[in-house]
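K.L.:
The structure under discussion is supplied below as structure tokens; questions concerning it will follow.
Here, each number is a calculation from the coordinates, and none is a lab measurement. These numbers come from a predicted model, not from an experiment. So basically every Cβ, Gly included, is an ideal-geometry build from the backbone, and we count neighbours across all protein chains shown.
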Amino acid sequence: MAKSPEVKLAVFGRAGVGKSALVVRLLTRRFIWEYDPTLESTYRHQASIDDEVVTMEILDTAGQEDVQQKEGHMRWGDGFVLVYDITDRGSFEEVAPLRSLLEEVKKPKNVPLVLLGNKSDLDHARQVATEEGERLAAEMACAFYECSACADEGGAVAEAFHELCREVRRR
Ligand code: GDP
Ligand code: MG
């Protein structure tokens with residue numbers, strides 16, 4: 001039997017945007033309110049995507065790394081989830097520089113990405129319009145989802161990770 005494909009995914013974004021909560025949501029379909037913010041972990045997760053079992057190795061970064069550590073994580077990964085918090089404009093502004101560093105590290109390959117605007121349940125505190133996320137994703141030529149790790153009704157979190165796996169497998 002053919003070995004099931006493995007993809008290495010790294011989750012990046014400013015501390016506090018919900019990276020760990022998103023990964024926990026993907027793995028357990030649950031939300032955990034408090035998660036050690038300094039923790040960096042890798043997880044293995046299997047999912048059936050388009051009738052194929054794919055094993056994801058997921059690196060949940062802490063979001064406080066120095067440039068050398070970031071570059072190491074970027075070299076390790078095949079695909080990248082760039083997360084911002086729709087209630088934190090600063091976290092949105094950190095996405096483009098992350099993307100530039102990724103391009104630099106992965107050159108000349110172009111890099112499979114998805115952009116995630118998290119905490120969509122906090123619409124009353126929104127600082128980043130949906131259209132701004134869409135525009136940034138168009139510039140980066142990647143898929144875009146607004147989602148909520150704590151109220152993931154439509155399963156957007158899993159959909160985003162699965163789409164990224166497809167993108168990696170297409171290359
Ligand atoms: P990380 O530093 O990016 O890993 O962020 P965490 O996953 O530790 O989450 C930071 C804080 O945001 C925690 O207090 C979480 O409970 C909260 N949080 C994460 N995702 C969501 C979300 O979708 N909605 C809301 N309301 N809070 C969230
Ligand atoms: Mg975390």
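K.L.:
If you put +1 on each Lys and Arg Cβ and -1 on each Asp and Glu Cβ, how big is the dipole of the stretch 26-171 around its Cα centre, in Debye rounded to 20?
P.N.:
Roughly 500 debye for the stretch 26-171.
K.L.:
Can I ask one more? Placing +1 on the Cβ of each Lys and Arg and -1 on the Cβ of each Asp and Glu in the chain, which of H73, V17, Q127 has its Cα farthest towards the positive end of the resulting dipole?
P.N.:
Of the candidates, H73 comes out farthest on the positive side.
K.L.:
Over the C-alpha atoms of the stretch 1-60, what are the Rg and the largest Cα-to-Cα span, Dmax, in Å?
P.N.:
In order Rg, Dmax, the Cα atoms of the stretch 1-60 give 13.0, 42 Å.
K.L.:
Return a whole-number percent for the relative contact order of the stretch 21-167, with Cα pairs under 8 Å and 6 or more residues apart as the contact set.
P.N.:
Relative contact order here is 24 percent.
K.L.:
Here is a follow-up. Compute and list, largest first, the equivalent-ellipsoid semi-axes of the stretch 132-171 from the alpha carbon gyration tensor, each √(5λ) rounded to a whole angstrom.
P.N.:
Those come to 19, 16, 5 Å.
K.L.:
Once phi is turned into ³J(HN,Hα) by the Karplus curve 6.51 cos²θ - 1.76 cosθ + 1.60 with θ = phi - 60°, what whole-Hz value does each residue of the stretch 85-96 show in order, with x for glycine and proline?
P.N.:
Here the 3J(HN,Hα) series is 10, 4, 9, 9, 4, x, 5, 5, 5, 7, 5, 4 Hz.
K.L.:
Then there's this: Across every pair of different alpha-carbon atoms, what Kirkwood hydrodynamic radius in Å does the chain reach?
P.N.:
16.0 Å
K.L.:
Rounded to the nearest 500 deg cm²/dmol, what is the calculated helix-only ellipticity per residue at 222 nm for the chain, with -39500 (n - 2.57) per DSSP H run of length n ≥ 4?
P.N.:
Using -39500 (n - 2.57) per qualifying helix, the result is -11000 deg cm²/dmol.
K.L.:
Figure the gain on full extension for S41 and A125 (residue separation times 0.36 nm, minus the Cα-Cα span) and round it to one decimal in nm.
P.N.:
My answer for the length gained is 27.3 nm.
K.L.:
Let me ask you something else. Go through the stretch 152-166 residue by residue and turn each phi into a ³J(HN,Hα) via Karplus (6.51, -1.76, 1.60, θ = phi - 60°); whole Hz please, and just put x for glycine and proline.
P.N.:
Once θ is set to phi - 60°, the couplings for the stretch 152-166 become 8, 5, x, x, 5, 5, 4, 4, 5, 5, 5, 4, 5, 4, 4 Hz.
K.L.:
Continuing with this model, one more query. Using modelled amide H (1.01 Å from N, peptide plane; none on Pro or chain starts), what sits under 5 Å from the amide H of N118, excluding residues fewer than 5 places away?
P.N.:
Placed amide hydrogens put Y84, D85, I86, C147 under 5 Å from N118.
K.L.:
What full-extension length gain, to one decimal in nm, is calculated for Q69 and R169 as 0.36 nm per residue of separation minus the Cα-Cα distance?
P.N.:
Fully extending the segment from Q69 to R169 adds 33.4 nm.
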